Every structure is written in C-alpha cells, then in structure tokens.
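Computed from the coordinates by the stated procedures, all read-outs in this text should not be read as laboratory data. Computed from a predicted structure; not experimentally measured. Glycine gets a Cβ as well: all are built from the backbone with ideal geometry, and neighbour counts include every protein chain shown.
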Amino acid sequence: MTKDILSDDTQTRAEMQATGIDRRNLLKMTGAGIAALGSISLFDSTTAKAQDMSNGASNFYTSDRVTLQKVAFKTQDRTTVAGNLFVPKDLDRAAKHPAIIVGHPMGAVKEQSANLYATKMAEQGFVAMSIDLPFWGESEGQPRNLVSPEAYAEAFSAGVDFLGTQAFVDRGNIGAIGVCGSGSFVISAAKIDPRIKAVATLSMYDMGAAFRDALNKSQTVEQRKAFIATAAEQRWAEADGADPHYIGGTTLALTAETDPIQREFYDFYRTPRGEFTPVGVTRETTTKPSLSSSTRFMNFYPFNDIETISPRPMLFISGDQAHSKEFSQDAYDRASEPKELVWIKGAGHVDLYDRVDLIPFEKLKGFFDRHLA
C-alpha cells in the first residue's frame, strides 16, 4: 500500500578533463547525483552563502529519558563495529524487549542521523542501537572510507548478534532502520538474515544504481566505463605506493555553480546543523569514498530478490520532493507483501535525516510495535 503523510571535490577540473570526466558527471557517478535542477535557486550568488534549509532540524538531539552506552562488537570477519546503544531509562531489564539497529547515510557516521533515530525509538520503548559502518566513523577498517557493500551488510547482521546476546533483548524480535545508503545495505542483509524481522528505510539510496546509472538513469554506459577506467588507474597508483584518492561526497565550499542537490547535502554536512568529523579524519575527506574502491558499488544489486524477504514486512518512507525517491519506489514495486510506501509531503531527501517535525516517528513506532511483538 502507499500513502501520504502531511505534514569540493578534491579532484581538479584539469584532472577530470584529462580522464574524460567532467565535474558534473563525476558527481552523478559518485552518488551525490544531479537530478533535473529545476528553476528554484537555493543560493544567493551575490553573497555566496548557503541558505538555511534546516527548518527545525535536530540532528544532535538528546533525551533525558534515554541512557546512552558506547558499545563495540565483532563481525564474522573478526573486525570491530562501533555502536551507540540507547535504552529507555525505565526499561525493565529483567524482561526481554524488541530492539532496532539503525544505519547512517552513506558517507556519514552514526552521529549523523542514526543517533537521532535510535534516540527517538528508545524514547518510544525500544532498545535501539546506531552503528558506524565498517571503514567509517569509529568502526575498524583500513583504508578509511573504503566502499564495501558486503561488509556494510554484514555489520547489520553482526549487530543482530550483539543485540541478541543482551539479557534484556528478545532475540526473536530485532528490526532495522536504514537511512539513505544504509537502506540498501539493510535490505542486502535482510535477504540472507531472517533474524532481521522488520525493515524500515528512509530517504533510501540504492547505492548500486546510483553509481551505475546516476539519478534518473542519466549516466551513459560510456560514462560508466570512463569512471571505471579512472578508478582502475588509481588502483595502479596505489599499488605503486600512492595514497587513496577521495571523490564525490559533499562539496567543501559553495560557488555560484553548485547544484541544488549538493547545496542540500552541504546544508547538513558542512554546517553546524549536522557537521561531525570523527577523530583521525579530516574535514576534507568526510563523506567522500575512495576512488579505487567505489566501483564496487557497480556490482551491488540490493533490490535483486528483495521479494524473498517476505513475509517479513518492509516500510519505505521518502519525501515526495526527494531527488532520491525513485529508489524507494523501485524497491516497493519489487518487494512482496507485506509492504508499505509512505510519501512525506513537501519533504526532500536530507529533510528526513534530522527534521523531527517531518520524520514520522509515530509511523515507525506503529510499524515496529506491530511486527516486533
């Protein structure tokens, strides 16, 4: 069913021209994407300032009704995943309770969006845990910012392992929330891990399709091949001792030419609204995957066999103005019942990262109340 709810790149232009890839196409190929730009300007080219698009956002929300504990656990690969465990202060720890794992947007860390969702779900009675994907944030993995869809999906299953060993968690009732890219990673995990009993995604990106085809399938096969060739040359460079090269992600500065989608991300990742730089990482590389590993997304097909998750329920939530809404629609169309697609009226992609007035927490509560007994 579907319903509505009211409510800088470090690579230079010369380098890209030398490889046959211009700045705009590189953005398309790295998941930042460029949709139809439309006619509404989000930028004052005279003052070169970003407009505040937060509108009541609260990414760093905390609650006096919830306890926070930093945790760490091992994957099957014996690497360590870092998480934040949120528990209601009035939780009866002698009983067993449903739990939810929350994954952050691609290129982000748990302090960006995932902590907010986990805190809000804990306020509503759930045990909730935000995680850093491998190679990002406080989780292990070298080199940093490596693209590894399989490792990302495994982190969710390892999170189930961890939660299921907690005395106050009902291991038969563990669900997951994936924001942006993590929506595709949790779907990938749920296809082969039936212990994930219910899945909700918000502002989902299919990271495979985003890299193969770009938004609205605007990237040609030849452009894809050019990008793959560039990444292959970078692998040679790293084999010869070069440092990783980082691409895409969120621009470090706005110009008169910055497209609206990049402005949307900039308003979250490069302002006090959502900016967070983990220890050991520089601002210049936050949100940016490594060039040589990013082609792994082109072999990532999270929606293939999505129907096999049934009869476990799936909830897809997206803004009806989101540049990424095609991915939620595609996943919904392919999934089998029980499934639900919810459009948040007036919301864009990043709005559902942290705009607490638009994020349908009551809808999420109802979904998990029903399906995590």
Distance between modelled label sites at Thr80 and Ile228, nm, 7 Å Cα→Cβ extension: 3.8
Checking segment 206-259 for GluC sites (Glu not before Pro) in a loop per DSSP with at most 13 other beta-carbon atoms within 10 Å yields Glu257
Listed by chain and number, the residues whose amide H is under 5 Å from that of Val169, excluding neighbours fewer than 5 places away on the same chain and using placed H, are His97
If we count every other residue with Cβ under 10 angstrom of Ala190's Cβ, Lys/Arg +1 and Asp/Glu -1, where does the sum land? +3
Can you bin segment 155-280 into rounded, prolate or oblate? Criterion: square roots of the alpha carbon gyration tensor eigenvalues sorted a ≥ b ≥ c, rounded for a/c under 1.5, prolate for a/b above b/c, oblate for the rest. prolate
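To the nearest 20 debye, what charge dipole does segment 194-246 have about its Cα centre, counting +1 at the Cβ of each Lys and Arg and -1 at the Cβ of each Asp and Glu?
On the way: 7 positive and 7 negative charges, 95 e Å.
It works out to roughly 460 debye.
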So the FRET efficiency between Lys217 and Glu284, C-beta based with R0 = 25 Å and rounded to 0.05, is 0.20
Going by amide H atoms built from the backbone, whose H comes under 5 Å of the H on Thr277, apart from near neighbours? none
Gyration tensor on Cα atoms of segment 329-373, a ≥ b ≥ c root eigenvalues, a/c under 1.5 rounded, else prolate if a/b beats b/c, else oblate, says oblate
Arranged from highest to lowest average of other beta-carbon atoms within 10 Å per residue, in what order do the peptides 244-250, 347-353 appear? 347-353, 244-250
Between Ser139, Ile306, Pro194, whose Cα lies farthest towards the positive end of the dipole of the chain when Lys and Arg beta carbons carry +1 and Asp and Glu beta carbons carry -1, centred on the Cα centre? Pro194
Calculate, in nm to one decimal, what Lys89 and Glu140 gain on full extension: separation in residues at 0.36 nm each, minus their alpha carbon distance. 15.4 nm
For the chain, what is the charge dipole size about the Cα centre, in debye to the nearest 20, if Lys and Arg each add +1 at the Cβ and Asp and Glu each add -1 at the Cβ? 580
With θ taken as phi - 60° and the coefficients 6.51, -1.76 and 1.60, list the Karplus ³J(HN,Hα) couplings across segment 73-90 in order, rounded to whole Hz; mark glycine and proline as x. 8, 9, 8, 4, 7, 6, 9, 9, 9, 9, x, 10, 9, 10, 10, x, 4, 8
Would segment 230-331 count as rounded, prolate or oblate if I go by the C-alpha gyration tensor, calling it rounded below 1.5 in a/c and otherwise prolate when a/b exceeds b/c, oblate otherwise? oblate
Given (i) 0.98; (ii) 0.95; (iii) 1.01, the label whose value is Rg/Rh (Cα atoms, Kirkwood Rh) derived from this model: (ii)
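Net charge within 11 Å of Asn115 by Cβ-Cβ distance, Lys/Arg positive one each and Asp/Glu negative one each, not counting Asn115 itself?
-1
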Exceeding the 25 Å Cα-Cα cut-off - candidates Lys110/Lys217; Lys74/Lys110; Lys74/Lys365; Lys89/Lys345: Lys110/Lys217; Lys74/Lys365; Lys89/Lys345
Dipole-positive endmost among Ala151, Met121, Ser294 within the chain (Cβ charges, Cα centre): Met121
Choose one of Phe211, Gln234, Tyr246: the residue whose Cα lies farthest towards the positive end of the charge dipole of segment 191-307 (beta-carbon charges +1 Lys, Arg; -1 Asp, Glu; about the Cα centre). Phe211
Can you work out the Karplus-derived ³J(HN,Hα) for every residue in segment 244-259? Use 6.51 cos²θ - 1.76 cosθ + 1.60 with θ = phi - 60°, whole Hz, and x for glycine or proline. x, 10, 10, 10, x, x, 9, 4, 8, 8, 8, 10, 5, 9, 5, 6
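Quick check for me: using +1 on Lys/Arg Cβ and -1 on Asp/Glu Cβ, what's the dipole size of segment 127-266 about its Cα centre, in debye to the nearest 20?
Around 480 debye, computed over segment 127-266.
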